[in-house]
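Written out below as structure tokens is the structure these notes cover.
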Amino acid sequence: MTKNKKTVVIGVTGGIAVYKALDVVSKLKKKDYEIHVIMTDSATKFVNPLSFQTLSQNIVNYDMFCEPKAWEIQHISLAKKADLMVVVPATANIIGKVANGIADDLLSTTIMATKAPVVFAPAMNTNMYNNSIVQDNIRKLREYGYTFINPASGRLACGDEGEGKLADTELISKHIESMLYDKKDLLGKKVLVTAGPTIAQIDPVRYITNRSSGKMGYAIAEEARDRGAEVTLVKGPTSLEPPFGMSVINVRTTDEMLDGVLNNFNEQDIIIKAAAVADYKPKQYSEQKIKKASDEFNLTLIKGTDILKKLGQLKKDQILVGFAAESNDLLQNAEKKLKNKNLDYILGNDITASDTGFASDDNRVTILCSDGRNIPLEKMSKRQVARELFDLINEK
């Protein structure tokens with residue numbers, strides 16, 4: 001995570017979702033951020049400031065004219081301390097105030113005074129959220145450079161159904177972590193990542209696939225996003241929730257993945273093929289479900305498109321990275337793929353390892369480089385593997 005302790009100032013405004021802001025504070029505190037909370041007067045009617053004070057381990061600020069605990073002007077002091085300001089929940093009122101330059105309480109004046117990025121996580125009745133005035137204010141603030149974490153859809157406290165529910169607190173905290181990530185060395189870069197398995201259809205019911213979970217590709221895509229890259233994720237069918245903050249292209253077959261990659265290939269700076277594509281496909285697809293006619297069923301398979309090899313033939317100035325999931329002769333097989341597919345790097349991993357196999361959150365890889373270097377990595381999280389990979393790429 002972050003090497004230096006970052007300060008997050010959280011603004012809490014009056015709405016039924018105030019209690020969820022407690023969870024955001026708790027999650028961020030566990031990540032070792034310095035947390036300061038500013039509550040509006042109406043927010044204090046929903047949750048006692050003592051709750052935020054206990055979780056943040058700092059005095060909660062809510063009265064512009066209360067006796068100061070230290071000799072400093074509160075809204076200026078907090079504005080300067082902030083590495084990031086987050087308003088959660090953000091009501092139509094605070095959005096409208098900031099959009100129109102109104103600073104009449106501690107929170108609005110601090111937002112006006114800070115030079116830190118400001119994030120709004122709206123929560124309100126769906127009719128309020130969709131009101132053209134509120135939407136105009138949101139558009140106006142986006143144009144000024146403010147960030148919004150869009151609300152979710154669902155049943156609201158008032159009983160209405162629709163958009164306006166506060167985004168999931170885990171998503172909000174991940175947004176904050178992403179914005180405060182300690183490395184931003186991919187700003188201005190475009191990165192394409194493939195993840196998950198592909199399938200080869202036999203008939204309308206059956207298909208061939210593999211055990212790829214997509215976790216490694218997702219970790220790489222998230223690392224690239226957090227380091228500032230514009231990320232495109234081409235993903236096969238997985239049970240994972242698509243990551244925020246990137247373009248996601250859903251595919252099923254190898255040919256669909258090839259199209260998704262090629263349609264975006266030329267504009268990319270870095271392409272990382274972490275997907276486990278179906279190497280073979282049935283020679284003939286049956287339009288009708290194949291019936292159980294006998295005790296044996298013979299299926300003829302033919303080789304599918306080798307996406308990575310094709311990309312190696314097409315690449316110009318791009319950096320191309322592949323994976324070699326092997327059950328034997330790891331380094332020899334990985335080195336062969338590195339050369340035959342014209343790669344810059346390949347990550348070899350042993351799929352037979354019991355502690356880092358399929359669906360594990362960890363991995364143990366050796367990174368083989370086109371310049372002849374082999375860099376073995378100890379067992380670590382897949383996200384840490386992704387971090388090590390981009391550190392290596394950025395050495396160039």
Using θ = phi - 60° and the Karplus curve 6.51 cos²θ - 1.76 cosθ + 1.60, what whole-Hz ³J(HN,Hα) does each residue of region 42-57 get, with Gly and Pro shown as x? 5, 5, 5, 6, 9, 9, 5, x, 4, 5, 5, 5, 5, 6, 7, 6
Of 281/396; 183/315; 27/379; 29/235, which sit over 30 Å apart, Cα to Cα? 281/396; 29/235
Per residue of region 311-322, what does 6.51 cos²θ - 1.76 cosθ + 1.60 with θ = phi - 60° give for ³J(HN,Hα)? Whole Hz please, x for Gly and Pro, Karplus curve as stated. 5, x, 6, 8, 5, 10, 9, 6, 8, 10, 10, x
Region 115-264 - convex hull of alpha carbons, volume per residue in Å³: 164
Any lysines whose Cα falls less than 17 Å from that of residue 140, other than same-chain ones fewer than 8 residues away, would be 97
Loop trypsin sites (Lys or Arg not before Pro), region 232-285, which have at most 11 other Cβ atoms in a 10 Å radius of their Cβ (DSSP): 283
Kindly provide log₁₀ I(q)/I(0) values, in the same order as q = 0.19, 0.21, 0.22 Å⁻¹, from the Debye equation applied to equal alpha-carbon scatterers of region 299-379. -0.86, -0.98, -1.03
Please report the net charge: other residues with Cβ closer than 10 Å to the Cβ of residue 207, K and R +1, D and E -1. +2
Of 162, 332, 101, which is farthest on the positive side of the dipole of the chain, counting Cα position, with +1 on Lys and Arg Cβ, -1 on Asp and Glu Cβ, and the Cα centre as origin? 332
Hz values of 3J(HN,Hα) by residue in region 330-337 - Karplus curve (6.51, -1.76, 1.60), Gly and Pro given as x: 3, 5, 5, 5, 5, 5, 4, 5
Based on the alpha-carbon gyration tensor of region 36-157, what equivalent-ellipsoid semi-axes (square roots of 5 times the eigenvalues) come out, in whole Å, largest first? 25, 17, 12
Residue-normalised 222 nm signal for the chain, counting each DSSP H run of n ≥ 4 as -39,500 (n - 2.57), nearest 500 deg cm²/dmol, is -9500 deg cm²/dmol
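Since every read-out is calculated from the coordinates, none of them should be taken as a lab result. Model, not experiment: these values are computed from the prediction. Positions of Cβ are backbone-derived with ideal geometry, glycine not excepted, and every protein chain shown enters the neighbour counts.
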